[in-house]
Amino acid sequence: MRAVHVVPAVSSEASGPSYSVVRLCESLLQTGCVVTLAALDLAPMAGPPAFLKTFRLGSGPRRLGRSPHLRRWLANEAGSGRADLIHNHSLWMMPNVYSSWAAKGARVPLVVSPRGTLSRWAFQSGSAVKRLFWPLLQRPALEAAACFHATAESELEDIRRHGFRQPVAVIPNGIDIPDLPHDQTSHDRMMLFLGRLHPKKGLDLLLPAWQRVEDRFPDWRLVIAGPDAAGYRAKMESLAGELGLVRVEFAGPLYGEQKWRAYRAADLFVLATHSDNFAVTVAEALAAGTPAVVSKGAPWVGLERHGAGWWVDIGVEPLAAALESALASPRELLAEMGRRGRAWVAAEFSWATIGRQMAGTYEWLLRGGERPPWIQP
C-alpha cells in the first residue's frame, strides 16, 4: 500500500504531531507500507526522515499555510496512482483541505486524524477566521473522509457531535519506552508539568491548586517545563507572583535526554489540561516510571484502573484535592504506581501494535472484508 500523510508542519522538537505523526509513519513502514509525509517547511528539521517531503509557502497569511506547490503535488500523486490513500492530520490550515481535494478528485480514500481540533474547547476558543473557515472549507473537506482516526473514545464523541457518521478507527498514539538507569539517586520531591505553555494546558488551574497545598507540603516543589506559546509563560509567571507562590520553577523547554531526565527525576507528573485528545506527555511520564495526576480534559481514565495515578474533574478544587492525596503519598507508593504505569503503557501503547492497526485500517478501506474490531461503524 502506498499512503501519503499530510500534516501542516513537523519540527525537531519532536512533541505533539511532530512526534506522533512521524512515529506513526515509521511504524507503518515496518508493516510494509510505502509512506510519504508531506508538510510545509515552516520549521525545518535537523536530520529529517527520508520519507518527509516539504513544500514552501505561497502568498497569503502564514497561519493559513497556503502552498500551491503542495496542492499540485498531492493532486498529481493521487491522480497518477502513486498514492492508494491519503491520511490527513489536524485541521484549520490549507494543507488539511488540499488532502481532501486531492482524494476526492482521484477517488482514493481519505483518512482524517483531527488530533484534538474538534473538541469543544478548540471550538470555543476559535478565532473569527475559524468561524469562516469551518463552513466554507473545513467541514466540506471532512465530509469527503472515508474514515476518521480518533486517539480515544472522547475524540470519537467529538467527531459524532459534529454530525459525521463515517467509520472511526479508535487507535491511540504510541509511546517509546526508554530504558531506566540503575543508579537513580535520591532527590527533593518534585512535581513536574512538561508541555507547551499554552492556555489549553490548564496552568491557570494548576497554579491556584498548587497555592492551596504548597504550605502543607514543604518538601515538594513544582517545576513547569516547556516552550512558551505566544507569551503565555509571562502571564503564568505573573499569576504565580500574584498568588504568592514560593516553590515554583519555570524551567523552559526540555528536549531529548534532558526531557527524559526530568520525567525520571519527578516523583509525580501533573496535567490540568482543558482539552487534549491524547496528551503524549502523560504517556511519556508513565513510560519513565512516574505516576500522574491528569484532568478529565485528557482521555486517561485508565490511570485509576491501572493504579498509575489520579484522573480528576477539570477545575481548581478537584485538582487541589487530588494533589493533596498524591503529595501525601509515601515515596514507595508513588514508585509502585510508576512501575504499574510503565508496564501498562508498554503493553498497550507500543508503536508496533499501533502501526499494525493503522495498516489494517488502510487494508480494510482499500480491500474490504471483515471490519477490524477497533473501527466503530
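Only the coordinates and a few stated rules stand behind these numbers; no lab work does. All values derive from a computational prediction rather than experimental measurement. Note that we place each Cβ from the backbone using ideal geometry, even for glycine, and neighbour counts take in every protein chain shown.
Please enumerate the residues belonging to the stretch 323-341 that are part of a helix (DSSP H, G or I) and hydroxyl-bearing (S, T, Y). Correct list: S325 only. Using the structure shown, decide if S100 is within 21 Å of the chain's Cα centre (by Cα), among the small types (G, A, S) and either buried (at least 19 other Cβ atoms within 10 Å of the Cβ) or over 27 Å from I354 (Cβ atoms) (or both). Taking the combined requirement at face value, the residue does not satisfy it. Checking each residue in the stretch 304-340 for being β-branched (V, I, T) and crowded, with 22+ Cβ neighbours inside 10 Å picks out only V312.
A search for C-beta distances below 8 Å between a residue of the stretch 188-200 that is closer than 14 Å to F250 by Cα and any residue that is of a type in the set (K, R), counting only pairs 6+ apart in sequence or on different chains, returns M190/R221; M191/R221; F193/K201; L194/K259; G195/K201; L197/R233. Out of the residues in the stretch 207-233 that are within 16 Å of L268 (Cα to Cα) and touching a Lys or Arg at 6+ places or on another chain (Cβ under 7 Å), state the one that is surrounded by the most Cβ atoms within 10 Å (Cβ to Cβ). Ranking the qualifying residues of the stretch 207-233, first place goes to L222.
Selection of the stretch 240-260 for residues being assigned to a loop (DSSP other than H, G, I, E, B) and among the hydrophobic types (A, V, I, L, M, F, W, C) yields L243, L245, V246, L254.
Let's see how each residue does on (1) of a type outside the set (V, I, T); (2) in contact with a Gly (Cβ under 9 Å, 6 or more places away or on another chain); (3) in contact (Cβ under 8 Å) with a residue 24 or more places away in the chain; (4) assigned to a loop (DSSP other than H, G, I, E, B):
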site	(1), (2), (3), (4)
A262	yes, no, yes, no
D276	yes, yes, yes, yes
A298	yes, no, yes, yes
G307	yes, yes, yes, yes
A321	yes, no, no, no
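Looking at the stretch 351-368, is at least one residue assigned to a loop (DSSP other than H, G, I, E, B) and under 25 Å from A106 (Cβ atoms)? Within the stretch 351-368, one or more residues are assigned to a loop (DSSP other than H, G, I, E, B) and under 25 Å from A106 (Cβ atoms).
V301 satisfies every condition listed in (1) more than 27 Å from F164 (Cβ to Cβ); (2) of a type in the set (V, I, T); (3) surrounded by fewer than 15 Cβ atoms within 10 Å (Cβ to Cβ) except (1). The residues of the stretch 142-169 that are in contact (Cβ under 8 Å) with a residue 12 or more places away in the chain and more than 22 Å from the chain's Cα centre (by Cα), listed by number, are E143, A144, A146, Q166.
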